[in-house]
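Worksheet: one structure, shown below.
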Amino acid sequence: MSDSGSMKSLTLEEIAKHNEKDSIWVLIHHNVYDVSKFIEEHPGGEEILLEQGGKNATEAFEDVGHSSDAQDLMKQYKIGDLCDEDKKKLSQYDDKTQWEQSSNSERSSWLSWVVPVGVAILVSILYRWYTFSQH
């Protein structure tokens, strides 16, 4: 089924229905893969595919860092593409989560220097107060 002309346009709802061992689909980079026949051969074990079945597995796929061989092997399991409407939904969701992650990281990087500086100032004040009160 590598001929892209025969590829189906699938919805997130359709993909979500395929989340059991006998029919397991995953979405990776807007491409839909039927990994039902590959589940027992998957080097990472079948559990991870079952866990990602019927879902957008892009992040999990990227986090593992699959080899180029794995990416080539995937091509034979591709059964379609995500429909344009759902691509837009995912894009909006990705933009929102990226913004939240960057705002959280900005907040934590700000706190990473403010807290130690605040503690150092407090310790300095307490030290000066203590040494002053001893005289």
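Every number here is computed from the coordinates shown, using simple stated rules; none is lab data. Here the structure is a predicted model, which means the values were calculated and not measured. Cβ: placed from backbone, ideal geometry, glycine included. Neighbour counts: every protein chain shown.
Here each label is just a point 7 Å from Cα along the line to Cβ, and for Asp63 and Lys78 those points are 2.5 nm apart.
The peptide list 66-73, 55-62, put in order of mean Cβ contacts within 10 Å with the highest first, becomes 55-62, 66-73.
For the range 53-93, pairs of C-alpha atoms spaced more than 13 angstrom apart make up 68 percent of the total. Note on Lys37: lysines with a C-alpha under 28 Å away, same-chain residues under 8 apart excluded, are Lys8, Lys17, Lys21, Lys55, Lys75, Lys78, Lys87.
Excluding Lys21 itself, calculate the net charge of residues whose Cβ lies under 10 Å from the Cβ of Lys21, where each Lys or Arg counts +1 and each Asp or Glu counts -1. Numbers along the way, then the final one.
On the way: positive: none; negative: Glu20, Asp22, Glu40, Glu46.
Counting the neighbours of Lys21, the net charge comes to -4.
Near Gly45, once Lys and Arg are set to +1 and Asp and Glu to -1 for all other residues with Cβ below 14 Å from its Cβ, the sum equals -4. Here the relative contact order of the range 1-85, from alpha carbon pairs under 8 Å that lie six or more residues apart, stands at 43 percent.
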